[in-house]
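As C-alpha cells, the structure follows; a few thoughts come after it.
Values quoted throughout were computed directly from the atomic coordinates according to the rules given, and no laboratory measurement underlies them. Quantities reported herein were computed from a predicted structural model and do not represent experimental measurements. For neighbour counting, all protein chains shown are included, and Cβ atoms are generated from backbone atoms with ideal geometry for every residue, glycine included.
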Amino acid sequence: MKRNKINFEKYGPLIDSEISKRRGRWTLSALSWLDFDDVSQIVRIHAYNKLHLYDETKPILPWINRLISNQIKNIIRNNYGNYTRPCLKCAASLGEHGCRIYNEQCERCPLFKNWHKNKKNAYDLKVPVSIEDHVNEINSQPTQGLDIRTAIQNLSKRLEQILKPVEWQVYQLLYIENKSEKFICRALKLKYDEKSEIAYNKQLRNIQKTIIKKAKECLFNGEVDV
C-alpha cells in the first residue's frame with residue numbers, strides 16, 4: 001500500500017486529467033445516484049488499488065487510459081447491463097436488429113419474449129439513452145476541446161512505431177498525402193495488372209485492413225492521446 005500511495009502522489013494529477021477528459025462524453029443519467037462525479041471517484045479508487053501493477057519501464061499514459069476505459073465499461077455493465085435485451089450477448093445476433101435463427105430480434109425468440117415481458121418497461125424507464133453504443137462513445141466521442149490535427153499527429157507517431165515499413169509507406173501515401181491507389185502500387189512496386197484493377201488492389205486492400213486494425217487497437221487501448 002505504501003508503494004501505491006507514492007505512485008498515486010506521482011501519477012494522481014495525470015489520472016485526474018485523463019478522467020476529466022471523459023466528462024463531456026458521459027450522457028447516462030437514468031440512475032440519479034450515479035453521475036460522472038461518482039464515476040470519477042470509483043475510477044480514482046480503482047486506479048489507486050491497481051497502481052502497484054504498473055510496470056514503470058513502460059509508458060504510463062497508455063496504461064492509465066486502458067485502466068480508466070476498462071473500469072468505466074465495468075461500471076456501465078454493472079449498473080445498466082441488466083436491463084439490456086438478451087440479443088446483445090447472443091451468438092445468433094446479427095447487427096442491431098438481425099437474428100440468424102428468427103431473421104429479426106422479436107418475440108418468437110423465448111429469451112427476447114421474456115425480456116420484452118419482464119424487463120423492457122424497466123429498460124425504457126431507467127435507461128432512456130442507448131447503452132449499446134455508450135461504451136464506445138465514452139472512449140471515442142469528440143469533445144469541444146478536441147484538436148483533430150494534434151490527434152492525427154499523435155496517431156501517426158504511434159503508427160510509425162508499430163507498422164511494418166511497407167505499411168507505414170502506404171499509410172503516408174494514402175492517408176497523409178492522399179495519393180491514388182494506382183500511384184501507390186506503382187511507387188511501392190506492389191502487384192500490378194494493367195488490365196485488371198482488382199489484381200493490384202487486392203494486395204493494397206490487405207495492407208489497408210492491417211493499418212486500420214492496428215490504428216483501432218491503438219485508440220481502443222488508450223495508446224494515443226486524443
### Message
From the phi angles alone, apply the Karplus equation (6.51, -1.76, 1.60; θ = phi - 60°) to the stretch 10-22 and give each ³J(HN,Hα) in whole Hz, x where the residue is Gly or Pro.
### Response
7, 9, x, x, 5, 4, 4, 5, 5, 5, 5, 5, 8
### Query
With respect to the cross-link table entries LYS73/LYS214; LYS89/LYS113; LYS10/LYS50; LYS182/LYS216; LYS10/LYS58; LYS182/LYS202, which display a Cα-Cα separation exceeding 18 Å?
LYS73/LYS214; LYS182/LYS216
#### Entry: Amide proton proximity set for LEU94, modelled H, under 5 Å, gap of 5+
CYS99, ARG100
### Query
Between SER180 and GLU167, what length comes free when the chain is fully extended (0.36 nm per residue of separation minus the Cα-Cα distance, one decimal in nm)?
3.1 nm
### Message
Going by Cα centres, the stretch 54-109 and the stretch 148-179 are how many Å apart?
### Response
29 Å
### Task
Please give the peptides 152-159, 55-62 ranked by average Cβ packing (other Cβ atoms within 10 Å per residue), highest first, as a rough proxy for protection.
152-159, 55-62
### Message
Show me, for the stretch 48-53, the HN-Hα J-couplings you get by feeding each phi into the Karplus relation (A = 6.51, B = -1.76, C = 1.60, θ = phi - 60°), rounded to Hz, glycine and proline as x.
### Response
4, 6, 9, 4, 5, 8
#### Entry: Calculated from backbone phi, Karplus (6.51, -1.76, 1.60) coupling profile of the stretch 84-101 in Hz, x at Gly/Pro
6, 5, x, 4, 5, 10, 8, 5, 8, 5, 10, x, 7, 10, x, 8, 5, 8
### Message
Give me the extension gain from ASN74 to ASN49: residue separation times 0.36 nm, minus the current Cα-Cα distance, reported in nm with one decimal.
### Response
7.4 nm
### Two-site label geometry, ASP38 and GLN153: point separation in nm, points 7 Å out along Cα→Cβ
4.0 nm
### Message
With 10 angstrom as the radius, rank CYS87, CYS106 by how many other C-beta atoms surround their C-beta, starting from the fewest.
### Response
CYS106, CYS87
### Residues LEU61 and ASN114, FRET efficiency given R0 of 45 Å [Cβ-Cβ distance, rounded to 0.05]
0.55
